[in-house]
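**Q** Sharing a structure, written as structure tokens. Questions coming.
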Ligand code: P5A
């Protein structure tokens with residue numbers, strides 16, 4: 001992409017109402033634009049990152065055997081009357097009346113709708129043992145939307161729902177999602193710690209929040225420090241194998257949000273291992289048994305008679321993750337995207353647009369990199385060099401190649417690696433191979 005053709009409206013001033021760094025940077029770097037409280041337009045740069053996050057989430061859901069579908073954002077209220085949640089949900093639900101006076105709503109979540117869909121298509125116990133998911137916008141009329149995409153009113157969520165015949169198979173489905181989540185966050189360069197969460201009336205130990213540690217996080221959390229050092233499951237993990245050992249490794253040590261905090265159990269941990277911190281909830285998974293299947297009559301014929309289907313639901317805050325990523329990766333100049341979610345892999349700065357030799361070198365480099373599948377943002381504008389550098393730092397691509405007439409006389413360009421700040425003078429005919437090597441090894 002040539003910068004002259006891209007839409008990148010940077011802000012000079014730091015917006016006054018943005019209190020945390022991710023919100024400030026997303027506005028300043030032209031990724032996001034507020035349309036109403038907690039409602040944002042995703043500008044091209046932000047949209048590219050959002051799509052990358054979404055793609056990783058999707059790949060890991062598919063790898064775990066979940067099946068994608070797409071449900072609408074608008075739902076009929078009748079589904080929620082059936083489950084009994086229409087009145088219980090309260091003012092967070094955006095209720096709408098259509099022209100025929102039918103009660104509708106903008107979905108805050110999809111347990112009811114997916115139960116209705118599954119109910120319409122299964123009869124026998126042989127039809128269950130499935131997990132369905134979608135990645136769709138949700139609306140929750142939060143009292144205090146804040147911190148940009150962290151607590152929005154409209155936000156993008158991946159929500160999966162499992163359907164099983166009995167509690168033991170439902171636990172297996174839960175463990176698959178649990179394992180997939182560890183991999184998902186890891187691939188984005190994030191360490192999310194699963195923490196015990198409130199299971200409500202269902203009981204048991206099967207509800208976890210996935211928390212990324214960050215000082216600006218809204219959740220107060222307590223954990224055994226060793227959980228910050230555990231290795232994530234490998235890419236070739238067999239989801240049909242026994243996942244209990246992974247679950248045990250990650251849940252065997254104390255980790256809880258403040259709602260579930262047990263001060264005595266935490267005090268029993270040696271002081272040096274006690275971690276008391278703030279965090280961002282980037283995912284939440286639940287086992288809720290037959291709560292919705294009973295309320296909405298989702299039952300299947302089994303050899304021993306009719307059975308209500310056992311269910312669980314599994315959410316990832318896709319748009320919130322973008323905020324969490326910037327909180328985790330930034331410095332005083334701007335964002336420092338991990339390669340896997342960067343809006344572009346590499347920038348090219350032409351220090352003297354209009355100069356025949358820099359123009360030609362940039363163009364060739366741009367084509368060579370793009371031909372290798374590398375996503376390039378080529379700053380071909382006539383802006384001052386200082387402005388170009390600051391802009392590249394602010395939007396912060398993992399790699400930037402600077403091409404200027406002085407270096408070119410010796411056949412060299414400069415390659416900057418954003419994560420380390422390291423700058424190398426590199427022969428112009430080697431730079432494409434080096435950049436593509438570094439990107440591939442980082443992915
Ligand atoms: C699980 C999937 C659910 O809604 N039903 C379907 C269950 N869980 S949840 O914890 O309420 O939400 C799942 C994740 O969505 C993100 N999230 C938000 N992101 C941005 N702004 C919000 N207002 C918001 N509310 C929830 C969180 O990451 C949460 O873990």
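**Q** Residues to consider are 278, 274; find the one that is at pLDDT 95 or above, touching a helix residue (DSSP H, G or I) at 6+ places or on another chain (Cβ under 7 Å) and at negative phi.
**A** 274
**Q** Quick one: in the range 230-239, of everything that is farther than 13 Å from residue 185 by Cα and touching a residue at least 24 places away in the same chain (Cβ under 8 Å), which residue is surrounded by the most Cβ atoms within 10 Å (Cβ to Cβ)? Please lay out each step first, then the result.
**A** Applying the first criterion (farther than 13 Å from residue 185 by Cα) to the range 230-239 yields 230, 236-239.
Now drop any that are not touching a residue at least 24 places away in the same chain (Cβ under 8 Å), which leaves 237, 239.
Numbers: 237: 18, 239: 16.
Residue satisfying both the conditions and the ranking: 237.
**Q** For the range 64-141, give me every one of the helices (runs of 4 or more DSSP H) that falls completely inside it and has 2 or more residues that are within 12 Å of the ligand (Cβ to nearest atom) and touching a residue at least 24 places away in the same chain (Cβ under 8 Å).
**A** Those helices (runs of 4 or more DSSP H) span 111-119.
**Q** Something else about it: Give me the residue from the range 421-443 that is in a loop (DSSP other than H, G, I, E, B) and over 21 Å from residue 389 (Cβ atoms) and, out of that set, nearest to the chain's Cα centre (by Cα).
**A** Checked the range 421-443; the qualifying residue nearest to the chain's Cα centre (by Cα) is 443.
**Q** Given (1) surrounded by 23 or more Cβ atoms within 10 Å (Cβ to Cβ); (2) away from the ligand (no atom under 16 Å from the Cβ); (3) part of a helix (DSSP H, G or I), identify the lone condition not met by residue 179.
**A** All conditions pass for residue 179, except number (1).
**Q** Can you find a residue that is part of a loop (DSSP other than H, G, I, E, B), in contact with a helix residue (DSSP H, G or I) (Cβ under 6 Å, 6 or more places away or on another chain) and more than 16 Å from the ligand (Cβ to nearest atom) anywhere in the range 256-264? Lay out the reasoning, then the answer.
**A** First pass over the range 256-264, keeping only residues part of a loop (DSSP other than H, G, I, E, B): 261-262.
Next, only the ones that are in contact with a helix residue (DSSP H, G or I) (Cβ under 6 Å, 6 or more places away or on another chain) stay: none.
There is no residue in the range 256-264 that is part of a loop (DSSP other than H, G, I, E, B), in contact with a helix residue (DSSP H, G or I) (Cβ under 6 Å, 6 or more places away or on another chain) and more than 16 Å from the ligand (Cβ to nearest atom).
**Q** As an exercise: evaluate residue 272 against (1) away from the ligand (no atom under 16 Å from the Cβ); (2) assigned to a strand (DSSP E or B) and give the number of the one condition it does not meet.
**A** Tallying (1) away from the ligand (no atom under 16 Å from the Cβ); (2) assigned to a strand (DSSP E or B), residue 272 fails exactly one: (2).
**Q** Does residue 216 count as within 25 Å of the chain's Cα centre (by Cα) and under 28 Å from residue 21 (Cβ atoms)?
**A** In short, yes.
**Q** OK, next. Among the listed residues 78, 4, which satisfies the condition of being surrounded by fewer than 16 Cβ atoms within 10 Å (Cβ to Cβ), over 17 Å from the mean Cα position of the chain (by Cα), at pLDDT 95 or above and under 30 Å from residue 381 (Cβ atoms)?
**A** Among 78, 4, only 4 is surrounded by fewer than 16 Cβ atoms within 10 Å (Cβ to Cβ), over 17 Å from the mean Cα position of the chain (by Cα), at pLDDT 95 or above and under 30 Å from residue 381 (Cβ atoms).
**Q** From the list 150, 195, exactly one residue is in contact (Cβ under 8 Å) with a residue 40 or more places away in the chain, surrounded by 18 or more Cβ atoms within 10 Å (Cβ to Cβ) and in contact with a helix residue (DSSP H, G or I) (Cβ under 7 Å, 6 or more places away or on another chain). Which is it? Walk me through it before giving the result.
**A** Values: 195 fails: in contact with a helix residue (DSSP H, G or I) (Cβ under 7 Å, 6 or more places away or on another chain).
Answer to the selection: 150.
**Q** Taking the range 198-219, which residues are part of a loop (DSSP other than H, G, I, E, B), more than 25 Å from residue 146 (Cβ to Cβ) and in contact (Cβ under 8 Å) with a residue 60 or more places away in the chain?
**A** Of everything in the range 198-219, those that are part of a loop (DSSP other than H, G, I, E, B), more than 25 Å from residue 146 (Cβ to Cβ) and in contact (Cβ under 8 Å) with a residue 60 or more places away in the chain turn out to be 199, 204, 206.
**Q** Right, something else. With respect to residue 41, is the statement that it is touching a strand residue (DSSP E or B) at 6+ places or on another chain (Cβ under 6 Å) and under 30 Å from residue 339 (Cα atoms) true?
**A** yes
**Q** Does residue 66 fit the bill of being surrounded by 16 or more Cβ atoms within 10 Å (Cβ to Cβ) and within 27 Å of residue 393 (Cα to Cα)? Spell out the reasoning first.
**A** Values: surrounded by 16 or more Cβ atoms within 10 Å (Cβ to Cβ): yes; within 27 Å of residue 393 (Cα to Cα): no.
In short, no.
**Q** Within the range 281-367, considering only strands (runs of 3 or more DSSP E) that don't extend past its boundaries, which have at least 2 residues that are farther than 20 Å from residue 209 by Cβ and away from the ligand (no atom under 16 Å from the Cβ)?
**A** Numbers: elements: 299-302, 305-308, 310-317, 346-350.
Ranges flagged: 299-302, 305-308, 346-350.
The values are calculated or read from the model by the stated rules, or taken from the named source; none is laboratory data. Keep in mind it's a predicted model, so treat the numbers as computed, not measured. Reconstructed Cβ throughout: ideal geometry from the backbone, glycine too, with neighbour counts over all protein chains shown.
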